[in-house]
Structure formats: C-alpha cells, structure tokens
1. Could you order the peptides 290-300, 266-276 from most to least packed, using the average number of other C-beta atoms within 10 Å per residue?
2. Please tell me which of these pairs span more than 22 angstrom C-alpha to C-alpha: Lys32/Lys400; Lys145/Lys400; Lys32/Lys355; Lys223/Lys491; Lys439/Lys523?
3. Going by how many other beta carbons lie within 10 Å of each one, how would you line up Phe578, Phe515, fewest first?
4. Read phi for every residue in the range 487-504 and hand back ³J(HN,Hα) as whole Hz from Karplus 6.51 cos²θ - 1.76 cosθ + 1.60, θ = phi - 60°, with x for Gly and Pro.
5. Using a ≥ b ≥ c from the Cα gyration tensor of the range 205-265 (square roots of the eigenvalues), is it rounded, prolate or oblate, where a/c under 1.5 gives rounded and otherwise the larger of a/b and b/c decides, a/b for prolate?
6. As a check on your grasp of the helix formula, calculate [θ] at 222 nm for the chain: sum -39500 (n - 2.57) over DSSP H runs of n ≥ 4, divide by the residue count, round to the nearest 500.
7. Can you give me the relative contact order of the chain as a percent, contacts being Cα pairs under 8 Å and 6 or more apart?
8. Which order do the peptides 565-572, 536-543 take when ranked by the mean count of other beta-carbon atoms within 10 Å per residue, highest first?
Amino acid sequence: MADLKRSDIEQKYKWRLEDMLESQDAWEELFKKAETLSASLEGYKGKLSDPDTAAQCLIDESELSLCLERLYVYAHMRRDEDSTVSLYQGLADRAMGLVVRANTASSFVTPELSALPEDELKALAAHPKLAGDYDRFFHSLIRQKPHILSEREERLIALGGEVSSGFAKIFAMLNNADHLAPTIKDEDGKSVKITHGTYSVMLQNKNQEVRRRAYNAYYRYFKERSNTITAIYSSLIAKDIYHARARGHSSCLSAALFGEEVSPDVYNNLLSAVEENTPLLHDYMALRKKITGLDNMYMSDMHFPMFENADIKLPYEEAYALVKAGLAPLGKEYAQLLETAYSGGWIDVLESKGKRSGAYSWGCYGTHPYVLLNHELTTHGIFTIAHEMGHAIHSYYSDKNQPYIKAQYTIFVAEVASTVNEVLLLRHIIGNTSDVNLKKFLLSYFLDMVRTTIFRQTQFAQFESEAHAMAERGQPLTKEELNKFYFDLNKKYYGDAVTYDGNIAHEWSRIPHFFNSPFYVYKYSTGLTAAITIAGKILAEGEPMVKDYMKFLSSGCSSDPVDLLRIAHVDLSQKQPFEFAMQQFKSTLEELKSLT
C-alpha cells in the first residue's frame with residue numbers, strides 16, 4: 001500500500017481540507033492577515049492597565065491565535081498527505097516562522113496583566129467584551145500571582161532557561177544520537193541490531209531465548225552508563241527543587257501539578273489505590289506463566305502474545321461498521337456524528353507514498369475535526385479507528401459548545417474519550433463473538449491495557465515521586481539507592497510469578513519521560529481509570545449517564561480537569577474510580593481463567 005500514489009486513491013478515502021481553507025490563495029490571504037495582526041499587537045505594550053485597551057488586546061490576540069492555528073494545521077496536514085511535495089513543506093516552515101514571530105510580539109501580554117492588582121484583574125474579567133469567555137483566563141492569572149516573582153527575579157530565571165533544559169538534552173543525546181545498538185542472533189542465526197525500535201519487536205518473538213538475548217543486550221547499554229545517567233537525573237531533580245522552592249511551592253510534585261490545577265491528593269490517591277491492588281497483577285502474572293507454559297517467566301516475557309492467530313482482519317468499511325456497532329451505547333447523536341465523519345471528508349484512510357505514518361486526530365476551531373489513518377487489516381487497526389474518532393468527536397463537542405478561549409481540553413483529560421471508545425468496542429466484540437480464541441485474545445488485550453497503562457505507569461509515577469522526595473529530604477541520589485528502590489518497587493508490583501534478574505533495576509534509567517516531562521506519566525493511569533469507569537457506567541446506566549458524558553465532552557477547559565471529570569461521575573479525589581477499574585480488571589481476569 002505504501003507504493004500507492006495519492007492521486008490513485010478514491011476521494012471517499014481522503015479527508016477534505018478544503019473545508020478548512022478552500023485554496024492556496026485563501027491560505028496566503030490568511031497569512032497576510034496574521035502578519036498584520038501580529039505587528040499591531042506590539043502597539044498595546046505598556047498600555048494594559050487601561051481596561052478597554054486590555055480587553056481589545058486580548059480579543060486581537062485571540063483572533064491572531066485563530067489565524068495562526070488554521071495556517072499551521074492546514075500546512076502540516078497538507079504535508080502529512082505527501083511529504084515529498086516541497087510546496088507543503090514550505091508552507092509548514094512559513095507557518096512555524098510566523099508563529100514564532102507572533103509569540104515574540106505578544107510575549108508581553110501575560111506578564112503585564114499579571115502585574116496588575118487582583119481587584120483590577122477581577123474587574124477586567126467582568127469587562128463587557130470579555131465577560132464569560134475569559135473567566136478561566138483571569139482565574140489562571142490570579143491563581144499564579146503568588147508564584148510570580150519580581151521582574152528582576154523572573155528575568156534571572158528566564159536567563160537560566162537554556163541551562164535548566166540541558167539535562168533533558170544530554171539524556172536525549174545519550175539515549176538516541178549516541179546510542180550504540182548491540183547485535184544479537186535471532187532464532188535463525190541472523191544478526192539483528194537492537195535499536196529502540198527493534199527492541200520492542202524482539203520482545204514479541206516466540207522464542208524465549210531470543211527475547212532474553214535482546215533484553216540483556218539492550219539493558220547492557222544503560223548499565224554501563226549508570227553513573228552518567230544517575231548524574232543527569234540527580235541534577236535534573238536538583239533543578240526541579242530549585243524552581244519549586246524559588247516560586248514558593250511546597251514540593252516538586254505540587255509545582256508540577258499546579259499548572260494543571262490538579263491537587264497532589266489526586267496523584268497520591270492514585271499511588272495508594274493502585275498499590276493496594278497489586279495482588280491482582282500478581283494473579284495475572286501467575287495466569288500468564290501458566291498459559292505460556294514457561295518454567296521461568298522473566299520481565300522480558302511480558303510482551304509476546306499469549307494467544308496467536310486471533311487478529312480480526314477487516315477492510316476499512318467493515319472495520320468502521322464494527323466501530324459504529326460497538327459505540328452504539330453512546331446514542332443516536334454520536335452515531336450520526338460517526339456517519340457524518342465517515343462520509344463527510346473528516347478521515348484520510350489509506351497508506352500511500354509520502355504519507356505520514358501512524359494515526360492522529362487534529363483540526364482547528366471553527367471547522368470539523370480531522371483524522372489521519374493508515375488503515376491496516378488487524379485488530380489494532382480497528383481499535384485505532386475507535387480511538388481517533390473518540391478524540392475527534394471530543395473536539396467536535398468542545399468546539400461547538402465553548403468559546404475559542406475555553407475550547408481546548410487539557411492533556412489531563414485528552415485520552416479519556418478515545419479510551420472510552422476502545423473499552424466500549426472491546427466489550428461489544430467480546431459479548432458478540434462465539435470464537436473462543438478471539439475472546440481469550442481480547443480479554444488478554446484488556447488486561448494488558450490495564451497492566452501497561454494503569455499498573456506500569458503508576459509504578460513509574462511512584463518512582464519519580466519518591467526520587468524527588470528523597471532529594472528534597474537531602475538524601476543523596478546514588479545509583480545504588482535508585483536501582484534498589486526501583487527493583488523493589490517492580491517486584492512489589494509484579495509478584496513472585498516472575499523470575500527477576502539485575503537488569504530490571506536499571507529500567508528507570510531508560511524512561512524518557514523521567515528526563516523530559518517529570519510527573520507526566522500519572523496522567524496515563526488516571527486517564528484510563530476514568531475511561532473504564534465511564535464506559536462501565538454507560539453500559540450499566542444507559543441514557544442518563546450518556547447525557548452527562550456528553551456534557552463532559554462539551555466542556556473543553558471551562559473548569560479544572562478534576563471538576564470536569566466529575567460531570568461524568570468520575571471523582572479522582574476519591575478511591576472509587578480506581579477501585580472500579582481494578583474490579584473490572586479482576587472480573588476480566590476471572591473470565592479469562594474460566595476459558596483456559
């Protein structure tokens with residue numbers, strides 16, 4: 001399919017970007033408008049203490065942002081259709097350049113407004129031109145004021161920005177550019193280089209010895225560089241402590257979650273609730289060992305499939321029909337949107353020469369969302385449709401019901417709708433198949449989804465929380481201490497069915513999120529927990545729950561993310577959602593046991 005030219009593909013399998021911008025000329029006209037708006041913004045500098053001036057500045061800044069979004073998204077989506085077309089690469093570069101210039105031109109707005117007294121900000125939020133739409137914007141400004149430093153202090157921190165970001169860059173170079181891929185022999189005696197990409201493939205090999213070779217070779221690189229990686233990580237944590245304390249936060253965790261408006265209680269609640277349920281993961285590990293028939297099951301044996309030849313191979317039309325059937329519990333309006341997307345130019349379906357790989361949902365405010373696919377005849381291909389349509393329809397509802405300034409939902413809730421769709425589709429297929437092998441495969445699919453996204457990511461979250469806390473207590477972060485803590489933590493999660501070796505103690509040192517996005521991974525766990533809870537309630541309660549779920553999808557960022565999830569009856573400040581997700585894991589595990 002990759003050899004297929006885009007010109008050979010039927011229009012029904014292509015998205016219709018003309019709905020965003022009708023022509024190249026329209027893009028050029030919008031580009032000129034954005035340039036003009038960007039230049040005019042600088043005229044507001046130093047004048048934002050006047051309410052009318054400040055209000056008009058914010059309105060113009062939003063209009064500029066809308067223009068830039070459409071220019072940028074259109075250019076990149078055209079390039080994603082066919083990266084060999086130099087025109088589209090040129091558009092993407094020009095759009096990015098204008099975004100940088102515009103951000104520079106408007107960089108004074110937030111600091112200048114933040115310097116105003118709180119009562120003036122509250123009055124400005126009630127300005128006739130801004131009232132309602134900008135309440136969250138001003139709420140955020142006021143909330144940040146206690147942690148904003150003097151102009152001189154802010155300048156000093158800004159000057160250190162490049163130094164502060166250096167640790168992530170160093171790790172990235174060590175992990176990517178300078179990574180020395182070792183070579184092993186596969187089951188046929190052929191040499192295979194163990195890169196980041198081939199490593200995950202080799203762990204799915206049917207031969208346990210090949211999996212062990214790949215695992216040992218891969219970890220050797222990190223073990224041999226453990227002193228350097230520990231120095232990078234401890235220095236990065238020292239940076240996090242510096243910034244947290246400089247801005248008056250009680251801890252690195254509080255500082256990291258502050259911008260998301262998520263309480264550390266939610267984070268700690270996740271850790272304790274999941275840790276309490278690790279015996280369920282131990283039980284699953286014991287079943288996995290039994291089904292695979294391994295005398296010794298290692299951490300390198302976690303990824304190869306327990307059940308073979310269970311893929312659902314459907315062409316796009318049939319795959320989409322199956323997705324619609326699986327999402328029927330979401331109601332008629334949702335079903336109609338799925339049909340509109342299918343026939344209305346929302347989706348780019350087939351792989352072709354020069355097309356970007358993978359899948360995503362994207363778009364811009366004021367037009368319908370879009371979905372890029374490279375449809376494959378696998379079970380994964382079907383679930384990808386459901387996943388990306390979850391993102392798309394979430395965006396559709398938020399854009400339809402919120403003003404631009406409050407339409408974009410946050411990362412904390414970004415994966416909820418997509419995963420709700422996956423869970424609903426999974427339950428539909430399991431409940432409607434007579435193929436026992438397929439049912440076993442899908443039950444294990446759900447169990448591994450929970451294992452890798454709730455258990456594993458929470459394990460990661462617990463590690464980086466404790467690593468930061470150790471440093472905050474003044475405890476040296478040596479490789480011995482970090483390795484021991486991670487090894488013990490991994491054993492606590494996976495239990496006695498697994499045979500451990502020293503390699504797993506070094507796993508923390510190869511996780512990129514620890515080095516470039518501290519305190520990020522917990523959102524994978526909370527997202528899937530919320531999705532499992534919502535899907536379960538939809539199946540159990542029907543229309544009343546669907547109605548509230550649609551309110552959640554329509555909420556954008558109109559409140560903090562934890563409050564928004566409460567609209568869909570998920571309260572992550574309580575243990576109930578986590579307990580529900582664990583109960584779903586347990587019942588699925590029992591069902592799989594009954595079939596094996």
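Read the figures in this text as sums done on the coordinates, not as results from a lab. Note that the structure is a prediction, hence the values are computed from the model and not measured. Glycine gets a Cβ as well: all are built from the backbone with ideal geometry, and neighbour counts include every protein chain shown.
1. Ranked by mean Cβ neighbours within 10 Å, highest first: 266-276, 290-300.
2. Lys32/Lys400; Lys145/Lys400; Lys32/Lys355; Lys439/Lys523
3. Going from least to most buried by this count: Phe515, Phe578.
4. My calculation for the range 487-504 gives 4, 5, 5, 4, 5, 4, 6, 9, x, 7, 6, 9, 8, 9, 10, x, 4, 5 Hz in order.
5. oblate
6. -20000 deg cm²/dmol
7. Contact order relative to length: 19 percent.
8. Listed from highest to lowest mean packing, they are 565-572, 536-543.
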